Amino acid sequence: MVAFIVRRLLGAVGLLLIISAVTFAIFFLVPRAAGVTSDDIAGRFAGKQPDAATLAAIKDRFGFDDPVPVQYGKFLKAIVVGDTYDTGTEKIHCPAPCLGYSFRTNQSVTDQIVDRAPITFMIAIGAAVLWVIVGVSIGVLSALRRGTIFDRAAMGIALAGVSLPVFFTGLLSLAFVVHRWNLLPEVNYEGLSDNPFNLILPWICLAFLYAALYARLTRAGMLETMNEDYIRTARAKGLPEKTVVFKHGLRATLTPIMTVFGLDIGLLLGGAIITEKTFSIPGLGQLALDGVNQSDLPVVLGATMVAALFIVLANLVVDILYGVVDPRVRHS
Amino acid sequence: MTGNETVSTDKTTAEGTTVPAADSAGDARPIADGEPLLEVDGLGKHFPVTAGLLRRQVAAVKAVDGVSFSVRKGETLGLVGESGCGKSTTGRMIMRLLDPSFGKITFEGEDITTMSQGRLRPLRRDLQMIFQDPYSSLNPRKTVGAIVGAPFRLQNIKTENGVKRAVQDILELVGLNPEHYNRYPHEFSGGQRQRIGIARTLALKPKLIVADEPVSALDVSVQAQVVNLLEDLQDELDLTYVVIAHDLSVVRHISDRVAVMYLGKIVEIADRNDLYERPMHPYTNALLSAVPIPDPAERGERKRIRLQGDVPSPLDPPPACRFHTRCWKAQDICKQVEPPLVELSPGHEAACHFPENTTVSATDEVAKAAVAPAPGTTAADDPAPEA
Amino acid sequence: MARKDPAELVNGSAEQSGTRGAPSAFLEVRDLKIHFPTDDGLVKSVDGLSFQLERGRTLGIVGESGSGKSVTSLGILGLHNKRNANVSGEIWLDGTELVGASQNDVRRLRGRKMAMIFQDPLSSMHPFYTVGHQIVEAYRVHNDVSKSVARKHAVDMLGRVGIPRPDRRVDDYPHQFSGGMRQRAMIAMALSCDPELLIADEPTTALDVTVQAQILDLIRDLQEEFNSAIIMITHDLGVVAELSDDILVMYAGRCAEYASVDDAFHRPLHPYTWGLLGSMPRLDRERSERLMPIKGTPPSLINVPQGCAFNPRCAYRDLNGDKSTTERPELVEAEPGHQVACHLPLEKKREIWESEIRPKL
């Protein structure tokens, strides 16, 4: 088990390296190939109408004219040990993990991420709690009442939920629930100090999509599990039906769903882009989106690295949990 | 699905294009009935077991650990044994679906142990396999005609009246309606599917067919149909079979000679009647005595040998005689010296220090061999426990 | 799921049972029908089955795939979902009628008064719980005891079915057991509440022959010890011959022949039984040159042949004119204690058996 975890961790580091290299290549090499010069990049950093000396200083400070591998190496080194920039007038130390400074705002990318991560966390976790409870319950009930009106209705709604994107449900609910009927206040969430229940509408919209997905998954899994021989054995032992369903059936059903959940939550923690955009919440997704829109390379790189990190970590946790839940994995 | 036939289809051999299916393959050396068609010598397969950070090999599953036998042209050799004895692995190695770890396979006098898949391809016509599960071994999206006809196309063999006609002839041969050419496997019952599987192997008029549990997935009444079919086809087409099965009654019915395997080794090999009437190895005795007899009058009448416990793991097989942990006749020597497989009566080989139904034992043979060192004796087998 | 459906009680056999009353046999099944409505039509998996069984006796139910033998066993345990299966007829277990009883009442009998061993012990045990946990669970649902008492009982049971070091193996998971040991554990679980009726559905089919012999011995020994009634469901005539007192041969959901084990093997009266006997190669006889298979394949239960379900595969149907293809033969007592459903006259059947079938076996 320890060897397994160590091997997975090494694999995760390798994966992150590859992701960083690919991202670096996309945002560095592609614009260069398209004719963007280091002057242009430095110009973006310097603001309006910089003179040549300023540009040169900026290029020198960030090493824009260094060969790409060297720049990539510096980027990696900064993450591990931090970096120190010399602006000429002062030395700025960027402690590890240093992801550089935004071209646009001159802020530390790491700080921006640390600022925004909790917001995305709140969106993702709140929605996850909702969708797991609602999705799994509906899936279980649907499976147990297969073919009934409840099942058909639930699966019909689930199909709609899977098909409707968050920007549609989000904008619709904003228009009606908030603006027309005034049932809920405006979504206004900018940090942990704000009332988390301001996020209720994004939670519901995001959870609607995922709950639909999970209801379908759970239903299919449950139907399959309830046909297993060991369920028949459980019944043959005379166990009450609720024990059969909730102890024997659900445990086996939820194991594969746990995997999907790990991936989904990992993905969302890196930025619930559409939800954040729809409700104008300044999370990691917004950050990444703004970075892309403004060709703010350090921000994009940082956001991508953080998103990748979450996905890789979530995968690792799921794999380990699998060993905990399924003794067959543990012993193999 | 069509496992062995799906090896690349691009090129054809010169031989394949010119020789019609009717008299397939011009052999360098024709083999007469009764001569060995297939010879297996010291064949083994070890599956590595890895562990740790670097996935180093820490052990090996000794699925097959040095088996030798020969199959004569026109005969049926039965391979019996319980799960994990290595009988299926042996079958797959003969077919070269698995690469042997060591040992040698000779087919028609040619060493095929390490032959490349490309060079094996013309040989695939002569070597065919019937699988156990008639449900999963047929591609559900292909018609019977396509399944049975595939070997013709893969080997690019010209047929006199076209592939369809040839396929219909084969379907008729195995007792299927030729008009079912365009039907799909799911439209057939288990027994009929097994017939389709057999038809597929017959398409190219093979010389040797390895049948891995050909009837064990079928209903009793249908089993008998397929067993009879296999026998009829053998007579008509001069086939040689290696039948792998766990059912001792079926093996007795269908085989001319029978090899009994235990934990990757052959413990006894003999003519069918010899083996079933005068079994020498205690394990064979135990197997035979365990088969339930469909006659209530026999209840309590038979000598019953009940083996204790389970077959040990092939990861760590017992040293010396592998059967000694469960054998009621085991003595110290069984734990120290591996009994070689030697001929204890004409055509009857057993690997046991204390065989039944005979006056000589492997130990005696070893002693004899030690006095007069005969070439090719197996007595020199490493007596030290392995690993 | 555990809701009572009053309509079931009325439609079922509650009223019938009033007229005929409780039987004296320990287990009596009367005219059991288990039908499954499907999109392709009504599947009559079990279509009018009757038999009895006393304590300490073993009934062997023999049949091929689709004969309804497993459906019957699940039916006795009440394991069919009433939403997709129509169960009718009567099942009397020790004076209690089960078909009309509430789901909860039947559940309380399951595992305690009647228990079941399944074919594949690996898939029949929950992969995520230890063997001990699964036995403890079976014991505690019917016995109000503490976990530690139940655990001791589980260790006890494992030892009793011949598992070495039961105190250690109790905490192992099913996949850590070998096939034979797993089936022993399954038997330990089934016997944990000392059931009076044990149904074994192909208990040794997935096992090797030497392990099969061990398990059959074990079942025999346990029967002596517990005096349970056993229903042994199998396709293997050898297993039945070794273990059963009576034999019921099923074909297409109905009983073809029902006789003592001696009659069934030495004086069988149904062409299907003859066919089964002729189909199997036998180790206790000279090797026959050829097996005598039954032609054709078992019928689909949606399209059961008209008349006698076996007629398309029967070599003797023409001896009856067209009766076999038009009229379904009823199960009648041809000889004392020997029932058979076949149109052939008794004398003719005896003659065919003696002159054509028996010499070739």
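The values are calculated or read from the model by the stated rules, or taken from the named source; none is laboratory data. Since this is a predicted model, take the numbers as computed values, not measurements. Because the Cβ atoms are built from the backbone with ideal geometry, glycine has one as well, and the counts that use them run over all protein chains shown. Keep in mind that these areas ignore ligands, DNA and RNA; they rest on the heavy atoms of the full protein, side chains included. Shrake-Rupley method; radii C 1.70, N 1.55, O 1.52, S 1.80 Å.
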Any chance residue C:136 is more than 9 Å from every other protein chain (Cβ to nearest Cβ), at pLDDT below 90 and either open to solvent by less than 30 Å² (accessible area, probe 1.4 Å) or under 16 Å from residue A:326 (Cα atoms) (or both): no
When you scan the stretch B:162-171, do you find a residue that is basic (Lys, Arg) and in contact with a strand residue (DSSP E or B) (Cβ under 7 Å, 6 or more places away or on another chain), even just one? no
Residues (more than 9 Å from every other protein chain (Cβ to nearest Cβ), surrounded by 24 or more Cβ atoms within 10 Å (Cβ to Cβ) and more than 19 Å from the chain's Cα centre (by Cα)) located in the stretch C:99-131: C:131
Going by the conditions given, is residue B:224 assigned to a helix (DSSP H, G or I) and more than 14 Å from every other protein chain (Cβ to nearest Cβ)? no
Tally time: how many residues in the stretch B:228-238 are touching a Ser or Thr at 6+ places or on another chain (Cβ under 9 Å) and either without any contact (Cβ under 8 Å) to a residue 60 or more places away in the chain or within 9 Å of chain C (Cβ to nearest Cβ) (or both)? 2
Could you run through the stretch A:219-243 and say how many residues are crowded, with 21+ Cβ neighbours inside 10 Å, out of contact with any Gly (no Cβ under 7 Å at 6 or more places or on another chain) and either at the interface with chain C (Cβ under 9 Å from one of its Cβ atoms) or under 18 Å from residue C:111 (Cβ atoms) (or both)? 5
For the stretch B:185-214, how many residues meet the condition of being open to solvent by 10 Å² or more (accessible area, probe 1.4 Å), within 14 Å of chain C (Cβ to nearest Cβ) and either among the basic types (Lys, Arg) or not in a helix (DSSP H, G or I) (or both)? 5
State all residues of the stretch C:168-219 that are more than 29 Å from residue C:26 (Cβ to Cβ), among the charged types (D, E, K, R) and at the interface with another protein chain (Cβ under 8 Å from one of its Cβ atoms); if no residue qualifies, say none. C:208
State all residues of the stretch C:331-361 that are surrounded by fewer than 15 Cβ atoms within 10 Å (Cβ to Cβ), in contact (Cβ under 8 Å) with a residue 24 or more places away in the chain and not in a helix (DSSP H, G or I); if no residue qualifies, say none. C:335, C:337
Looking at A:170, A:147 in this structure, which one is in contact with a helix residue (DSSP H, G or I) (Cβ under 8 Å, 6 or more places away or on another chain), small (Gly, Ala, Ser) and modelled with pLDDT under 95? A:170
Matching residues, the stretch B:32-69, being under 23 Å from the mean Cα position of the chain (by Cα) and outside any strand (DSSP E or B): B:32, B:33, B:34, B:35
Per the filter on the stretch B:306-328, residues over 22 Å from the mean Cα position of the chain (by Cα), at the interface with chain C (Cβ under 9 Å from one of its Cβ atoms), open to solvent by 10 Å² or more (accessible area, probe 1.4 Å) and at pLDDT below 90 are B:306, B:308, B:309, B:310
Name the residue that is farthest from the other protein chains (Cβ to nearest Cβ), counting only residues in the stretch B:277-305 that are more than 19 Å from residue B:267 (Cα to Cα) and of a type in the set (Gly, Ala, Ser). B:300
May I ask you to verify whether residue C:141 is closer than 24 Å to residue A:327 by Cβ, surrounded by 17 or more Cβ atoms within 10 Å (Cβ to Cβ), facing chain A (nearest Cβ under 9 Å) and in contact with a Pro (Cβ under 8 Å, 6 or more places away or on another chain)? yes
Given the condition closer than 21 Å to residue B:246 by Cα and free of Cβ contacts under 8 Å to residues at least 40 places away in the same chain, answer yes or no: does some residue in the stretch B:54-73 qualify? yes
Checking C:229, C:264 in turn, the sole residue that is more than 7 Å from chain B (Cβ to nearest Cβ), open to solvent by less than 10 Å² (accessible area, probe 1.4 Å) and under 19 Å from residue C:352 (Cβ atoms) turns out to be C:264
Residues that are over 19 Å from residue C:325 (Cα atoms) and open to solvent by less than 20 Å² (accessible area, probe 1.4 Å), drawn from the stretch C:282-310: C:291
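State yes or no: is residue B:165 basic (Lys, Arg) and within 14 Å of another protein chain (Cβ to nearest Cβ)?
no
Please verify whether residue C:309 is part of a loop (DSSP other than H, G, I, E, B), within 21 Å of residue B:224 (Cβ to Cβ), at pLDDT 90 or above and more than 27 Å from the chain's Cα centre (by Cα), treating the condition exactly as stated. If you could, list the steps in order and put the result at the bottom.
Values: part of a loop (DSSP other than H, G, I, E, B): yes; within 21 Å of residue B:224 (Cβ to Cβ): yes; at pLDDT 90 or above: yes; more than 27 Å from the chain's Cα centre (by Cα): no.
It is false that residue C:309 is part of a loop (DSSP other than H, G, I, E, B), within 21 Å of residue B:224 (Cβ to Cβ), at pLDDT 90 or above and more than 27 Å from the chain's Cα centre (by Cα).
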What helices (runs of 4 or more DSSP H) lie completely within the stretch B:103-178 and have 3 or more residues being crowded, with 20+ Cβ neighbours inside 10 Å? B:144-154, B:162-173
Determine which member of the set B:238, B:232 is open to solvent by 10 Å² or more (accessible area, probe 1.4 Å) and on the phi > 0 side of the Ramachandran plot. B:238
State yes or no: is residue A:316 more than 30 Å from residue A:186 (Cβ to Cβ), among the aliphatic types (A, V, I, L, M) and at pLDDT 90 or above? no
Please state which one of B:56, B:96 is modelled with pLDDT under 95 and surrounded by fewer than 18 Cβ atoms within 10 Å (Cβ to Cβ). B:56
Only one of A:271, A:285 that is of a type in the set (Gly, Ala, Ser), part of a loop (DSSP other than H, G, I, E, B), closer than 21 Å to residue A:170 by Cβ and away from chain C (no Cβ under 14 Å): A:271
